[in-house]
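Asks: Provided herewith is a single structure, encoded as structure tokens, for subsequent inquiry.
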Ligand SMILES: Nc1ncnc2c1ncn2[C@@H]1O[C@H](COP(=O)(O)OP(=O)(O)OP(=O)(O)O)[C@@H](O)[C@H]1O
Ligand SMILES: [Mg+2]
């Protein structure tokens, strides 16, 4: 038998931020190099926004704000929810069915790091979609928000995307990639309509208005609108936090059933 | 300090009613290369899965570099090629190998030399979606090597490799072995494994049926092959005393046996025309075949496993 040779390999142990960096870079490359999947997730809200802002943008909403401004909040909610709800879950399901998640697991990458990276990598895309609708709004209605308000709006929307990303992961952990797309869209669209993201809640039937308060999209939209009107949003914030906890619990539950 | 980089003790794994790994003991020391052989379904991949911690041992104990293979910290010391593994189609070869280096706690710059070592520098900028089967296999090997692991677990690493790539593979492996890396690999190409492996472990139906040096294994079975031109039905031959296996190859028949004289005494009266008789030492392939062929009725017999 060959003689035993002492090996001394210099290796980083414990949490290594470079691993998160690699994972985020991989996530961003996946989006940039194969953009078709997310293209529709951004294009749809932008087209919808262009259409409705073109029609109603000049009106004034009941709150006294120009409709183009309130629509930035509601359609912004819709775009962010779409990107955060579709991207992390679909890519996790893809990685899983492809066998890549197994490769990463065996390499000692904590799944929590992979998951965090998926959410982080989706953020620039969500931001991009917000920039797109803001540009359309500028074209159609001119400047309706001051810069500070707009920045607050964007910040709230991006942070508020977290529960949607967690819900997305919960589905992506257990369903196939095709099923994940179908399931997430089946949740997203009714939720968006019922929360008044497409048409103002006041114009929806009473039944739908009654269920809106249990939907995270509704509370994110209200919180976003609050940035424009100055209305207090503590209740909506609490509701969003509760949604985040529930989504995290669902994701945790799904993670325990994760088969890599 | 434990001198073993892999320690598998009395491990059992069941998939429902099927026992895929049935009480296996296996150790790999630093600087040792162990080849795991056995027919399809023998339990090789399951055993590798237990060693990587992807599967939990339902019975027995698995230790890797002194740690639990299910912990992320231990896994950083492992280099693994899985039998089926997938890469994101959007990443290039260089990105994949650099990522593997970082995941193992090593600098990303370690990728360059390993790409060269495995002979895929010219593929560095190619997307994984555009790789051929053998190229993918080489990328997988580079990803396993780049972390400078203490233990390599390679499940059919030569599957799909051409002759030149296989030669490179065994050279790379011998170099790592000599540098003190422990290696456990599965393969179906026995003769090749024999040139690099220090030990061959034959798995059959989840059990170790033989464990020896490659030379020892073939020596033990050296007097076992009889070939002859004969018209006697192989089914009849298999019924003769002392016959382990009988296979027809055109006009000729190949019989393996531990007692060639006894076989001949029974065979000759059955066939006046028996000719071109040759008795020779069995190659490793035949030895393996004899060990794992169900018709040889040796299933429950264990050979050469140290008590
Ligand atoms: N996930 C699974 N569920 C149920 N049975 C399984 C599973 N994986 C493997 N098996 C069974 O366990 C046995 C051992 O399989 P394993 O993949 O370990 O064999 P192997 O020696 O690697 O074979 P091969 O040479 O074909 O790769 C086989 O009978 C197989 O059908
Ligand atoms: Mg296998």
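Asks: Once label points are set 7 Å from the Cα along Cα→Cβ at both residue B:178 and residue B:270, what is their separation, rounded to one decimal in nm?
Replies: Each label point is offset 7 Å from its Cα along the Cβ direction, giving 5.0 nm.
Asks: How many nm separate the modelled label positions at residue A:47 and residue A:128, each set 7 Å beyond the Cα in the direction of the Cβ?
Replies: Each label point is offset 7 Å from its Cα along the Cβ direction, giving 1.8 nm.
Asks: Provide, as a two-decimal number, the C-alpha radius of gyration of chain A over 2.2 N^0.38 Å, N being how many residues it has.
Replies: My calculation over the Cα atoms of chain A gives 1.14.
Asks: Any chance you could give the angle, 0 to 90 degrees and rounded to 10, that helix A:162-174 forms with the longest Cα principal axis of chain A?
Replies: Between the helix axis and the principal axis of chain A, the angle is about 50 degrees.
Asks: Using a Förster distance of 45 Å, how high is the FRET efficiency between residue A:146 and residue A:241, based on the Cβ-Cβ distance and rounded to 0.05?
Replies: Once rounded, the FRET efficiency stands at 0.95.
Asks: In addition: What is the angle, in °, between the Cα long axis of helix A:147-159 and the longest principal axis of the Cα atoms in chain A? Nearest 10 is fine, range 0 to 90.
Replies: It is inclined by approximately 50 degrees.
Asks: Per the helix-only calculation at 222 nm, which mean residue ellipticity applies to chain B, given -39500 (n - 2.57) for every DSSP H run of n ≥ 4 and division by its residues, nearest 500 deg cm²/dmol? Intermediate results must be reported in sequence, preceding the final value.
Replies: Numbers: 11 runs with 97 residues, N = 307.
-9000 deg cm²/dmol, from helical runs alone.
Asks: Continuing with this model, one more query. Compute the whole-percent fraction of alpha carbon pairs in the protein assembly as shown spaced more than 35 Å apart.
Replies: The calculated P(r) of the protein assembly as shown puts 51 percent of pairs beyond 35 Å.
Asks: Against the longest alpha carbon principal axis of chain A, how many degrees, from 0 to 90 and to the nearest 10, is the axis of helix A:36-56 turned?
Replies: That works out to roughly 10 degrees.
Asks: Relative contact order for chain B: what percent, with Cα pairs under 8 Å and sequence separation of 6 or more? List each step's numbers first, then the result.
Replies: Working: 644 pairs, mean separation 58.6, N = 307.
Relative contact order here is 19 percent.
Asks: Just to verify a number: FRET efficiency for residue A:139 and residue B:195, C-beta to C-beta distance, R0 = 51 Å, to 0.05? Present the calculation step by step, with values, prior to reporting the outcome.
Replies: On the way: r = 71 Å, r/R0 = 1.40.
Calculated transfer efficiency: 0.10.
Asks: Let me ask you something else. What shape does the stretch B:32-157 take by its C-alpha gyration tensor, where a ≥ b ≥ c are the square roots of the eigenvalues and a/c under 1.5 counts as rounded, a/b above b/c as prolate, and the rest as oblate?
Replies: Working: a/c = 2.10, a/b = 1.50, b/c = 1.40.
It comes out prolate by the Cα gyration axes.
Asks: Modelled label-to-label distance, residue A:209 and residue A:17, 7 Å Cα→beta-carbon offset: nm?
Replies: 5.0 nm
Asks: Going by a ≥ b ≥ c, the root eigenvalues of the Cα gyration tensor, does the stretch B:223-281 fall in the rounded group (a/c under 1.5), the prolate group (a/b larger than b/c) or the oblate group? All intermediate terms of the calculation are to be shown ahead of the outcome.
Replies: Working: a/c = 1.30, a/b = 1.18, b/c = 1.10.
Here the stretch B:223-281 falls in the rounded category.
Asks: Report, please, the projected area of the stretch A:129-250 averaged over directions, based on the convex hull of its C-alpha atoms, in nm². Intermediate values should be presented prior to the final figure.
Replies: Working: hull surface 34.1 nm².
Directional mean of the projected Cα hull area for the stretch A:129-250 stands at 8.5 nm².
Asks: Normalised by the number of residues in the stretch A:35-105, what is the relative contact order in percent for Cα pairs under 8 Å and 6+ residues apart?
Replies: On the way: 37 pairs, mean separation 21.7, N = 71.
Computed over the stretch A:35-105, the figure is 31 percent.
Asks: Per 10 Å bin, what percent of the C-alpha pairs of the stretch B:87-179 does each bin hold, from zero upward?
Replies: Over the stretch B:87-179, the share of Cα pairs per 10 Å bin runs 18, 53, 28, 1 percent.
Asks: Something else about it: Looking at chain B, I'd like the Rg to Rh ratio, where Rg is from alpha-carbon atoms and Rh is Kirkwood's inverse mean 1/r. All intermediate terms of the calculation are to be shown ahead of the outcome.
Replies: On the way: Rg = 21.9 Å, Rh = 20.9 Å.
When Rh is taken as the Kirkwood radius, the ratio is 1.05.
Asks: If you don't mind, another one. Using the Cα gyration tensor of the stretch A:207-258, with a ≥ b ≥ c the square roots of its eigenvalues, what is the shape: rounded (a/c below 1.5), prolate (a/b larger than b/c) or oblate (neither)?
Replies: Details: a/c = 3.47, a/b = 1.98, b/c = 1.75.
Taking the square roots of the gyration eigenvalues as a ≥ b ≥ c, the stretch A:207-258 is prolate.
All of the numbers you see were taken from the coordinates with simple rules; none came from a lab. Here the structure is a predicted model, which means the values were calculated and not measured. All Cβ positions, even for glycine, are placed from backbone atoms using ideal geometry, and neighbour counts span all protein chains on display.
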